[in-house]
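These notes are about the structure you will find just below.
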Amino acid sequence: MVRYGRIQEDREWSQTGNREVITCLLEDFLRGRLGRSLYLTLPGLSSRAAQYACSLLGHALQKHGASPELQKQIRELESHLSLGRKLLRLGNSADALESAKRAVHLSDVVLRFCITVSHLNRALYFACDNVLWAGKSGLAPRVDQEKWAQRSFRYYLFSLIMNLSRDAYEIRLLMEQESSACSRRLKGSGGGAPGGIENAGPGGPGTPGGGLPHLALKLQLRVLLLARILRGHPPLLLDVVRNACDLFIPLDKLGLWRCGPGIVGLCGLVSSILSILTLICPWLRLKP
């Protein structure tokens with residue numbers, strides 16, 4: 001009975017998801033937002049993907065003993081792509097501030113705090129990045145590039161921490177809802193303990209059948225529940241993976257955790273591809 005109910009839920013979610021996809025596409029097409037987003041954002045994301053692909057390629061060439069001339073050309077290409085990205089991001093601070101102003105009006109206190117602080121840190125990150133671009137392009141040759149680079153990556157790290165905190169909060173809410181729904185289904189079918197996930201197992205820590213096996217079973221059920229939630233909510237899954245990949249970049253640049261250019265290039269490339277995917281497919285973007 002429970003299995004049949006899950007199949008029905010998956011079918012209902014699939015039908016609802018298809019309706020949401022069609023509705024989202026129609027809204028974006030009628031308002032013209034999809035074309036503007038692709039036109040303004042896609043070049044920057046493509047440059048970002050190419051830059052981290054060059055970083056990954058350069059690490060692979062160095063590891064396999066490629067010629068120094070080829071490695072130098074790859075590094076120069078990566079540097080030019082980085083400078084071009086900074087040029088394309090001029091004015092992004094204003095967009096981030098506008099997003100922060102919209103996030104202030106969210107009803108949920110936790111989401112309002114996480115999203116607003118994240119956008120404010122992104123605005124500061126883009127501002128520092130603009131100063132860094134002016135220094136690298138020769139418009140402001142006296143700019144201390146190392147100092148401004150450290151500042152920009154620090155704000156970028158704070159923004160990612162807020163994004164991951166928001167993802168964790170969303171996951172917690174969904175896990176609580178799913179656990180409550182599972183408990184109601186078990187009560188309605190007359191099977192299992194009324195506690196659902198929390199009371200998984202015949203014994204608790206204070207009973208002979210409890211202790212470590214009970215905690216292991218409870219942890220296993222939690223992991224299975226988490227996997228089911230992420231599988232059923234692709235926007236949340238993509239946002240978690242993208243933010244987790246991006247987190248390695250400022251950690252390495254700030255010297256908090258040296259993971260090497262290979263890992264940074266791979267994580268940046270994966271994150272860029274996911275960002276392009278969410279741009280092309282707006283229904284995969286986590287909202288609000």
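Every residue in region 271-288 that is closer than 17 Å to CYS54 by Cα and surrounded by 19 or more Cβ atoms within 10 Å (Cβ to Cβ), please.
Kept after step one, since they are closer than 17 Å to CYS54 by Cα, are these residues of region 271-288: 271-273.
Listed by number, the residues that qualify are SER271, SER272.
Would you check if there is a residue in region 151-170 being more than 19 Å from the chain's Cα centre (by Cα) and open to solvent by 30 Å² or more (accessible area, probe 1.4 Å)?
Yes: one or more hits.
Sort out which residues of region 99-138 are among the polar types (S, T, N, Q), in contact (Cβ under 8 Å) with a residue 40 or more places away in the chain and open to solvent by less than 40 Å² (accessible area, probe 1.4 Å), and write them in order of number. Write out each step before concluding.
From region 99-138, those among the polar types (S, T, N, Q) are 99, 107, 116, 118, 121, 130, 137; that's our starting set.
Checking which are in contact (Cβ under 8 Å) with a residue 40 or more places away in the chain leaves us with 118, 121, 130, 137.
Those that are among the polar types (S, T, N, Q), in contact (Cβ under 8 Å) with a residue 40 or more places away in the chain and open to solvent by less than 40 Å² (accessible area, probe 1.4 Å): SER118, ASN121, ASN130.
Please state which of the following conditions ARG231 fails to meet, knowing it meets all the rest: (1) in contact (Cβ under 8 Å) with a residue 24 or more places away in the chain; (2) open to solvent by 40 Å² or more (accessible area, probe 1.4 Å); (3) of a type in the set (D, E, K, R).
Evaluating ARG231 over (1) in contact (Cβ under 8 Å) with a residue 24 or more places away in the chain; (2) open to solvent by 40 Å² or more (accessible area, probe 1.4 Å); (3) of a type in the set (D, E, K, R) leaves (1) as the failure.
Taking the condition among the acidic types (Asp, Glu), under 17 Å from LEU174 (Cα atoms), open to solvent by less than 40 Å² (accessible area, probe 1.4 Å) and part of a helix (DSSP H, G or I), does ASP252 pass?
On the way: among the acidic types (Asp, Glu): yes; under 17 Å from LEU174 (Cα atoms): no; open to solvent by less than 40 Å² (accessible area, probe 1.4 Å): yes; part of a helix (DSSP H, G or I): yes.
The answer is no for ASP252.
The values are calculated or read from the model by the stated rules, or taken from the named source; none is laboratory data. On a predicted model such as this, the values are computed, not experimentally measured, just so you know. Cβ sites come from the backbone with ideal geometry, for glycine too, and all protein chains shown count toward neighbours. Remember, those area values only see protein heavy atoms, side chains included, never the ligands or the DNA or RNA. Shrake-Rupley method; radii C 1.70, N 1.55, O 1.52, S 1.80 Å.
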